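The values are calculated or read from the model by the stated rules, or taken from the named source; none is laboratory data. Remember, it's a predicted structure, so these values are computed and weren't measured experimentally. Heads up, the Cβs are rebuilt from the backbone with ideal geometry, glycines too, and the neighbour counts pull from every protein chain shown.
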Amino acid sequence: MLKRFRISIILLMAAPILSSLAVAQNQPPPAPRHDISGTWEPANGPQDGVQADGVKAMPNDNKPQHQLPYTPYGLQAFKSHHALEGAQAVLPGFFDDPRDKCEPLGFPRMNFYNLRETQILQNEYKVVMLYQYATTWRVIWTDGRELPKIVDGGVAVGGEVKEPRYYGYSVAKWADDTTLVIQTIGMMGEDRVWLDTAGRPISDQLRVEERLHRVDHDHLEWSVTIDDPKIYTKPWVAMDKFPMKLEDPHRDVMEQYCSPAEMERYNKLFGDPSSGPASHAPAR
Amino acid sequence: MRRKIIPALILAFGIVNFSGPLLAHHGTAAFDTDKKVTLKGTVTEWFWSNPHCLLQFDVKGDNGQVVHWIGETQNPVTMTNGGWSKTSFKVGEEITVALFPVKNGLPLGRIITVVLPDGKMLDALKGTSGVRDYK
């Protein structure tokens, strides 16, 4: 009887230790230092990064808390866009999103439309992001170079003026062991690219700050702040700790492309006839 | 019996609420999402493409007249996540398609499910969140 009692006491005392060991076994290992490499996907499912109604933290849903701080010019630029998504969406036959002409999405829209499986590679000089959508890549320099300066006609790199780019000029520094802070400027202006699929604009004065924080070995949080004084009266957060999870390193990511030929066929067979009156149906 | 009814009611309530957001977003502007149509037809083409895959099929009416329908699904990446593939359909196969038709009355629609000749059902929402689908 006494022996059974002793065993029970020992088991009771050991239970919390065993329990915490079991929990610890299920916990991912800690984040490695200065390393965000890997194949990542939205932690809340593949559709979480689609952001069809606009940027994740501020969708265009007419809610007061999601109204953007437009300058008069920024509001005018927004109204000139006819988006297929969001609160001011038009029918498929009447929109002018450059996405549907298979134009480059540009940065930062790459983060705000179809952000799906993303492969991040890095070495001592740079971090490279391979986006699934449109099979697009970005180079982010971590070799200590300075961020270029915005000047008329593009950016100044040293004494040289370079052209604006769809994906801008990016440099990054480690804010701590597990957080990479990326600064990007020198993107295309409002006549070439949109900020998001709801038709929000950006200009060539845009500065973007991204913070990629590796929470632990298997999880990453991605935040993006928009600072564009030509379009918005103050900086605002477009993506707030968007969760990504690490995939199997052997994962072979499927391509998702924009093909002008397939787009034309889709619009002819389905997009255009579904938008208008039946009398506008094309011959098949 | 009661044990079976209550879960069924909970499931039905869940399905109704799950499908609710479909009404809210752009893509449904052209579709009558209150009107689910079920059609039996013969596959004429399965086009695995971006931005949406297209399933073309012929439906023979009671009067013998054949109507050519086109249904769209999501893009190949999303459909792959839901278990669909480039070889999901063969030309000439008899299928049963449930879809939301377009509002203007043309034989076009957004596919919800397709039942194959062997009875297997493909769910067009399976690879999506059910909220942000068809973008």
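Just checking, how many residues over region B:76-88 are of a type in the set (A, V, I, L, M, F, W, C) and surrounded by fewer than 22 Cβ atoms within 10 Å (Cβ to Cβ)?
Here the count works out to 1.
Within region A:66-105, which residues are surrounded by 16 or more Cβ atoms within 10 Å (Cβ to Cβ), facing another protein chain (nearest Cβ under 10 Å) and in a loop (DSSP other than H, G, I, E, B)?
A:ALA83, A:LEU84, A:GLU85, A:GLY86, A:ALA87, A:ALA89, A:VAL90, A:LEU91, A:PHE95, A:CYS102, listed by residue number.
For region B:100-135: of the residues being at pLDDT 90 or above and at the interface with chain A (Cβ under 7 Å from one of its Cβ atoms), which is surrounded by the most Cβ atoms within 10 Å (Cβ to Cβ)?
Of everything passing the filter in region B:100-135, B:LEU108 is surrounded by the most Cβ atoms within 10 Å (Cβ to Cβ).
Do any residues in region A:253-269 that are surrounded by 13 or more Cβ atoms within 10 Å (Cβ to Cβ) have Cβ atoms under 8 Å from those of residues that are part of a loop (DSSP other than H, G, I, E, B) and aliphatic (A, V, I, L, M), where the two are at least six apart or on different chains, and which pairs are they?
Correct list of pairs: A:GLN256/A:ALA134; A:TYR257/A:ALA134; A:CYS258/A:ALA134.
Please determine, by comparing only the residues of region A:35-65 that are away from chain B (no Cβ under 13 Å) and in a helix (DSSP H, G or I), which one is farthest from A:VAL224 (Cα to Cα).
A:PRO64
What are the pairs, 6+ residues apart or on separate chains, where a residue within region A:92-120 that is without any contact (Cβ under 8 Å) to a residue 60 or more places away in the chain and on the phi < 0 side of the Ramachandran plot has its Cβ under 8 Å from a residue that is β-branched (Val, Ile, Thr) and not in a loop (DSSP other than H, G, I, E, B)?
Listed by first residue and then by second, the contacts come to A:MET110/A:THR136.
Among the residues of region A:224-243, is any of a type in the set (Lys, Arg), assigned to a strand (DSSP E or B) and closer than 22 Å to A:VAL171 by Cα?
Checked against the condition, which is being of a type in the set (Lys, Arg), assigned to a strand (DSSP E or B) and closer than 22 Å to A:VAL171 by Cα, region A:224-243 yields at least one hit.
Name every residue in region B:53-82 that is at pLDDT 95 or above and small (Gly, Ala, Ser), in order of residue number.
B:GLY71
Would you confirm whether any residue within region B:62-70 is within 12 Å of another protein chain (Cβ to nearest Cβ) and surrounded by 17 or more Cβ atoms within 10 Å (Cβ to Cβ)?
yes
To keep it simple, each residue is scored yes or no on (1) crowded, with 17+ Cβ neighbours inside 10 Å; (2) more than 15 Å from the chain's Cα centre (by Cα).
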residue: A:GLY153; (1), (2): no, yes
residue: A:TYR169; (1), (2): yes, yes
residue: A:ILE182; (1), (2): yes, no
residue: A:SER203; (1), (2): yes, yes
